[in-house]
Structures are given as C-alpha cells and as structure tokens.
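The values are calculated or read from the model by the stated rules, or taken from the named source; none is laboratory data. Since this is a predicted model, take the numbers as computed values, not measurements. In this analysis, Cβ positions are derived from the backbone assuming ideal geometry, glycine residues included, and neighbour counts consider all displayed protein chains.
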Amino acid sequence: MNVKKTVEELDPYVPGRSIYEIATKYSLKPEDIIKLGSNENPLGPSPKAVKATQESAKNMHRYPESDLSDLIHQIALYSQVRPEQVIVGGDGADEILDVLGKTFMDPGDEFIVPLPSYMYYEFTLTIHGAKPVFARWDVEGNRLDVASVLEALTPRTRIIFLCTPNNPTGGLISKKDIKTVVEGTDALVVVDEAYFEFSGAENVDLLEDYHNLFILRTFSKVLGLAGMRIGYGLSSPEIIEYMHRVKPVFSLTKLSYVAALETLKDSEYIEKSRELSVDSRELLYHGLQKFSQLRVFKSYANYLLVDVRETGMDSGQITEELMKRGVIVRNCSSFRGLDDYWIRVSVGTLEEDKKFLEILKGIIK
Ligand SMILES: Cc1ncc(COP(=O)(O)O)c(C=O)c1O
C-alpha cells in the first residue's frame, strides 16, 4: 500500500496507561487503581459541567454548533484577550497543534523543540512533512538553554516550541527568555501553557507586542475535562483567521462545548482544583524527597519528574512494580532526551498521594 512517506516512517506516540488496561492486565478493580500518570485533575469535573452535558445529551442527534462564539467569548474573558484572538480545538490542545502544522508547515520546513519536552509536537508535525530540530532543556538546572534554541534557527524554521511549565520536567521559562526567543526570529513561537494555572505565571501580556507569538492551552488539566478533548490557542487575529480556514468545522462535540462553557463559569471549582493540585504536588514533593534513592525535581505544574537510577531499578521495572500494586505513573523512557531512569508522578487526591508513598516504600528497599 502506498501511504505517505511521513506516515510510513512515523514512530507511534506512546500515551500514558489507562485504568481499564491496567485493571485487566493485573486483575484489579478499576476503582482501586490510583492513576498518577496523565497529569489529570484529581478533583473530578465541575458538577455544573456534568449537569449541563446530561441535559445536552438529549440533543446528540443534532450536529454541534458551528458558531462557537459563546465559548470563544468566555475563553477571551478568562484569558483577558479579544475574541478574535482565540481558536478552540475539539481534540484538545493536540488538535490545535495539528492545525498549526496544517497552517504553517510545508514539507522540509523545520520546527525546534528543546529536549526533553512534550512528545506530541514532533509526532504531529512530522506527519506534515516538517523536520524536528532539537535544542536543549537543561534538566539538572531545570531551565531552558536559550542559546541552544537560537543556535537551532535556520531559514527553514517555521515554529519554535517553548513549553512552560515544561512537560515532563516541571520547570518554568522566564518571560525574559521567551522575549529573547521571540525577538530573535520571525518564526512562530508557540508557548505551551497547558499547565499555567498551577504555576502563577503566564505570558498573554506579550501578545500585544509580538505578532509571532502563539499561546497554547487546554481544558484537560486544572479545568478537569481531559476526556472531553478541548484545547485553545491565543494569538494575533491574523494568525487565528488563517488557522480557522483549515480547522475541522465540527470537531468540538455538543457535549464538550457545554462542558467547557459551564466549567469556565464555575470559578469556585477552578480555584478549588488549583489549590488541591498545588497542595498535592507539595505533599508528593516532600514525600518523595524522603527517599534517599530518589531525586525529585521542583515543579510548577501538576506533576513531578523523578530520577530513579539509585533504586537499582530502571523506569520500566519500577512502573511495573507500581502497576502490579494498582498505581499508574508515567514511565518517561519514551521521552526523547531522557534515558531509562525517569518517571513522572502526577498529583492525586491527598489520600491517593499518601497511599502511593506507602506502596512506594514497599518497593524501594
Ligand atoms: C505540555 C502539553 N501540551 C499539550 C497537551 C495536550 O493537551 P490536550 O489534552 O488538550 O490535548 C498536553 C497533554 O498532556 C501537555 O502535557
């Protein structure tokens, strides 16, 4: 079969493990599994969003609205931009990444990713024939190596990805460093703020001054809607207009639409989610620090990167031992730029965190 060369050569994306998969594999009850693998919201969804989707389900025989202006308006309010600066994606922020590829990438064009970072950039854009050029994230200092990004620029660079807080390391990129990159190129700088609510830092204010800036965000984290697949982007009206030309018209389902709208109106829920995740992150950070065999990195997101090499196990062995006991964490061996000795632990409820730390004690002698 003659498929596209880029598809033939594509390395599959490795997602986090699911509760159902692990329950089946290890004969466990799904409700007993502690999932700390995919950076989700341990509080669950906004009850208002659940109620609104139940109502909306009666109309699932109808196509969704093609006019998303109510939601775009709410996102603009939440993000403090104008509605014409907003685009919404129906397969999460991942769809926005694909639309960026369709809008900006001709075969042979390049994009820059500092490693390690979110693997989906490479996965999505290579399908459009684009070539990744890797820069460096300094893991030990948990900071972006800005010089390596500037050195990676070529006349074919179309997009530069800056993930802040960075997945999987949890470190932040300073506004000064973002400005240095944006000012050093005409290419589009995509600042991925999927986790910004946990960090207390954001870069929307830069949109006024820089027209080659794009901010990527999601409803999957603090907004508790990972299963509904909603993401959004913020940029100049010109870039947003180009992207709307190629974005699938009906990708946001009716149910996702109402869930997103109701969640944004539920500011009490959003604040509670943020607080729980930050408390959980700090509990896990201090709990993990007590293990002399582990090295845990300070994080501004809802997960922690942990170096497990001193345990005598690699990340595959330690994640396997945890899964047998009903705990899912992320084995980071599929992250380019990390070796086989890193795991990423997402926040749970405080009770789940404590159980996880107890289980870990039984594994690390
Ligand atoms: C840094 C980063 N960007 C984007 C995404 C995609 O989020 P979504 O669930 O909206 O597709 C994720 C998901 O984990 C992420 O970690």
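For the stretch 167-204, a tally of residues being within 13 Å of the ligand (Cβ to nearest atom), assigned to a helix (DSSP H, G or I) and without any contact (Cβ under 8 Å) to a residue 60 or more places away in the chain returns 1.
This table checks each residue for (1) part of a helix (DSSP H, G or I); (2) of a type outside the set (Lys, Arg); (3) modelled with pLDDT of 95 or more; (4) under 17 Å from the mean Cα position of the chain (by Cα).
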residue	(1), (2), (3), (4)
Ser256	yes, yes, yes, no
Ser273	yes, yes, yes, yes
Ser277	yes, yes, yes, yes
Met323	yes, yes, yes, no
Val329	no, yes, yes, yes
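Listed conditions (1) within 16 Å of the ligand (Cβ to nearest atom); (2) assigned by TED's automatic domain parsing to the domain that holds Thr164 are all met by Arg281, apart from (2). Taking the stretch 142-166 as the range and being under 14 Å from the mean Cα position of the chain (by Cα) and not in a strand (DSSP E or B) as the test, the residues that pass are Thr164, Pro165, Asn166. Of all the criteria given as (1) without any contact (Cβ under 8 Å) to a residue 40 or more places away in the chain; (2) surrounded by 21 or more Cβ atoms within 10 Å (Cβ to Cβ); (3) among the charged types (D, E, K, R), the one not satisfied by Lys58 is (2). Does Ala49 fit the bill of being assigned to a helix (DSSP H, G or I), more than 16 Å from the ligand (Cβ to nearest atom) and among the small types (Gly, Ala, Ser)? So Ala49 does not fit the description; no. Look at the stretch 292-314: where a residue is farther than 17 Å from Asp353 by Cβ and a partner is of a type in the set (Lys, Arg), sitting 6+ places away or on another chain with Cβ atoms under 6 Å, you get Asp307/Arg295. For the stretch 309-365, a tally of residues being within 22 Å of Glu282 (Cα to Cα), surrounded by fewer than 18 Cβ atoms within 10 Å (Cβ to Cβ) and among the small types (Gly, Ala, Ser) returns 1.
Scanning the stretch 69-127 for residues that are over 26 Å from Leu225 (Cα atoms) and within 15 Å of the ligand (Cβ to nearest atom) returns Phe111, Val113, Pro114, Leu115. Within the stretch 131-152, residues that are on the phi > 0 side of the Ramachandran plot sit with their Cβ atoms under 7 Å from residues that are buried (at least 16 other Cβ atoms within 10 Å of the Cβ) and of a type in the set (Val, Ile, Thr), at 6+ positions apart or across chains, in these pairs: Asn142/Thr169.
Among the conditions (1) more than 14 Å from the ligand (Cβ to nearest atom); (2) closer than 21 Å to Leu97 by Cβ, the only one that Thr164 does not satisfy is (1).
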